[in-house]
Each structure stands twice: as structure tokens, then as C-alpha cells.
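Everything below concerns the one structure shown next.
Just so you know, all these numbers are worked out from the coordinates, no wet-lab data involved. All values reported here derive from a predicted model rather than from experimental measurement. Neighbour counts run over all protein chains shown; Cβ positions are idealised from the backbone, glycine included.
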Amino acid sequence: MSTGWLVGVMVEVRDAAEPVRHFFAVGHAEQAKAEWTAIDSAALIGPVAMSPVGGIEPVQALGEIPAARMKSLGLAPGQVRGLGWKWPRRWLPG
């Protein structure tokens, strides 16, 4: 059973020609709640894209974060952590 989600949100950034995906680790077991929590955090960075960009949805749950991975990386239930623009491979099970 998962206890969190890795979510990508497309954010409009001033110096970029098109929105850029920002990744978030969210400590909610329910996917929809994790996505909305990530949107709220992304909105603090910039406007969230309203339509797909290059075939990528504006908000997309990319995978579940198992409880053991959350514990080892220090993500508490209910917590959201911005992970930046690079693909966060250590957050997903290998």
C-alpha cells in the first residue's frame, strides 16, 4: 500500500518559452488529494499550465511512493516537498 505520490505539475516560468514540469513528493495516499496539494504548491512558483504541453498533461501523478521510501527520504504523511525540475528518480521504486 502506498502512502504518497510523485506528482509533476507544468508551471509557467518567466524565462522559459513554454511551461516547465516541476516535481513534488506528496504524503497523501489518495491520488486526487496528492495532485491538488501539488497544484497548490506549484501555484506558489508560478501559474499552472491549463492544457497539455508537448503531450504532457499539466498535472500528472507519476507514481506511488511506498511507505518505506517515504520513511527513508524523510517525507511525513500529509507533507509536500518540491523536488525541482530534474527527474526525481530516487523517489520512485526501482
Worksheet, complete the sentence: Matching residues in the range 74-91 (surrounded by 15 or more Cβ atoms within 10 Å (Cβ to Cβ) and hydrophobic (A, V, I, L, M, F, W, C)) number 4
Fill in: Positions within the range 1-55 being free of Cβ contacts under 8 Å to residues at least 60 places away in the same chain, buried (at least 20 other Cβ atoms within 10 Å of the Cβ) and either among the aliphatic types (A, V, I, L, M) or part of a strand (DSSP E or B) (or both), in sequence order
V7, G8, V9, M10, V11, F24, V26, A34, A38, A42, A49
